[in-house]
Structures are given as C-alpha cells and as structure tokens.
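The values are calculated or read from the model by the stated rules, or taken from the named source; none is laboratory data. Keep in mind that what you see is a predicted model, and the values were worked out from it rather than measured. Glycine also receives a Cβ, built like all others from the backbone with ideal geometry; neighbour counts cover every protein chain displayed. The area values use the complete protein model at the heavy-atom level, side chains included, leaving out ligands, DNA and RNA. Shrake-Rupley method; radii C 1.70, N 1.55, O 1.52, S 1.80 Å.
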Amino acid sequence: MLVAKMLFNSVISTKGARFMTMDISNFYLMTPLTRPEYIRISLKDIPEEIIIEYKLREIADDKGQVYIQANKGMYGLPQSGRLANELLEKRLNKRGYHQSKLVPGLYKHEWRPIMFTLVVDDFGVSYNGEEHAIHLKETLEENYTVTTDWTGGRYIGITIDWDYKRRQVHLSIPGTEHGSSSSIDQSNRSEHLRGCDDLTAVGMKTYRQRPDQMANTSTIEPE
C-alpha cells in the first residue's frame with residue numbers, strides 16, 4: 001500500500017505523467033512447475049458431468065480414487081506464487097524492465113519513462129507517453145492474457161479519482177465501515193521530484209498523516 005501511494009504521489013508530481021492498470025488473467029495457472037505434483041481425488045468430490053466427460057470411472061482405483069499429474073501452477077500449491085513471479089520477472093528483464101534494488105515491488109524500464117508497482121498479478125502503471133504503456137502491455141501479452149484500464153480508476157481495492165489538471169488524486173475504499181478516504185495534493189509542488197531513480201524520497205519525508213484525521217479520513221498534505 002505504501003509503495004502504491006508513493007507511486008500515486010509521483011504521478012501527480014511529474015508533468016505529463018498518467019496512471020493506468022493492467023491485470024494478468026489466470027496468472028498462477030499459466031506457470032510451468034519445476035517438477036510435477038501428484039494429486040489424489042475421490043470420485044465423490046468430482047461432479048458427475050466431469051466424471052462422464054473424462055471417463056474417470058475407467059481409470060479410478062478400487063477405492064474410487066483417481067490420480068492426477070499437475071505440470072502447471074494451480075491454486076493451493078504453496079510454490080505457485082513464487083514460481084509465477086520468478087518467471088514473470090525473468091520475462092520482464094528480457095524486455096528492459098527491472099525491479100528496484102531499493103523498493104521491492106517497484107519496476108522501471110532501462111530508458112523508457114515508465115514505472116509500475118506489482119501486487120501479485122495487478123500492475124499499477126505510471127507512464128509518460130502512451131506508447132510506453134503499450135510497450136509494457138505488448139510485452140506481457142507475449143505470454144499472458146492481459147486486461148487493461150486506461151482510466152486507472154481502481155487498483156488493489158482502492159477507488160482512484162484522478163485530477164491531472166489540478167495535480168490531485170483522491171483515494172477511497174468503498175464499503176469500509178467509515179468510508180475511508182484519502183487525498184494527495186501536489187498543486188503547489190515544484191518539479192524537483194521528477195526523474196528520481198526510485199520512489200524512496202517521494203512521500204516518505206515530505207508528507208505526513210495528520211493525527212486528527214486518522215479516525216475516519218486520512219489526508220496527506222505538504223509539511
């Protein structure tokens with residue numbers, strides 16, 4: 001959450017920057033395992049139409065169980081997340097995208113004006129020039145099915161209202177008990193933050209959360 005909020009800060013601090021999101025469908029399910037895993041399932045736990053479709057009674061043992069060899073990631077395997085992320089990072093590296101050495105989960109391109117945070121299979125992308133966001137999208141589509149939201153209106157459960165003209169962004173989490181919301185205002189900030197190698201200096205020292213507003217509403221403002 002902190003890294004994402006810092007990225008939002010960076011977007012409205014950088015002239016011409018915009019924010020969009022991408023999501024990889026079936027992320028875990030498309031990753032090969034380093035070795036097969038074997039699963040035993042009772043026919044009692046399998047729907048009848050599946051049993052008939054794949055003729056499972058013909059291969060079941062005397063106890064009514066079938067054995068399955070899994071060659072790709074699946075939900076429930078503890079290594080699925082790690083393997084999926086390792087493979088994704090390797091593929092991103094080939095196209096010039098590398099994870100920050102200082103900020104885990106933050107990626108930048110070697111020369112393109114684009115960076116993004118990655119939470120499981122959700123990309124929050126800050127870009128300066130639509131062609132650079134398209135490059136990232138096409139890079140991912142070489143191996144995955146990708147959905148995009150060019151409005152950048154929702155990310156990791158946060159609803160985001162961008163006001164690029166006023167250099168403000170308003171964050172909210174609908175459905176919470178108190179309707180939690182937050183805002184970042186960079187309308188009076190200079191451009192000195194543009195071009196930072198990482199986001200470690202953006203937001204962490206320059207902004208604070210006001211104690212009197214932490215109960216129901218959290219507002220970030222310049223010190």
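On the given criteria, is residue 75 loosely packed, with under 10 Cβ neighbours inside 10 Å, under 15 Å from residue 120 (Cα atoms) and in contact with a helix residue (DSSP H, G or I) (Cβ under 7 Å, 6 or more places away or on another chain)?
yes
Just the residues that are within 15 Å of the chain's Cα centre (by Cα), within 18 Å of residue 31 (Cα to Cα), assigned to a loop (DSSP other than H, G, I, E, B) and not charged (D, E, K, R), please, taken from region 102-145.
Result: 120, 144.
Report, by residue number, each residue of region 80-99 that is in contact with a strand residue (DSSP E or B) (Cβ under 6 Å, 6 or more places away or on another chain) and open to solvent by 20 Å² or more (accessible area, probe 1.4 Å).
Listed by number, the list holds a single entry, 99.
So which residues in region 120-135 are more than 20 Å from residue 94 (Cα to Cα) and either open to solvent by 60 Å² or more (accessible area, probe 1.4 Å) or of a type in the set (Val, Ile, Thr) (or both)?
Correct list: 130 only.
So, in region 53-70, of the ones that are open to solvent by 80 Å² or more (accessible area, probe 1.4 Å) and within 38 Å of the chain's Cα centre (by Cα), which residue ends up farthest from residue 33 (Cα to Cα)?
For region 53-70, the residue satisfying everything is 53.
Taking residue 38 as meeting all but one of (1) within 33 Å of the chain's Cα centre (by Cα); (2) more than 25 Å from residue 154 (Cβ to Cβ); (3) open to solvent by less than 70 Å² (accessible area, probe 1.4 Å), write down the number of the exception.
Here residue 38 meets the rest and fails (3).
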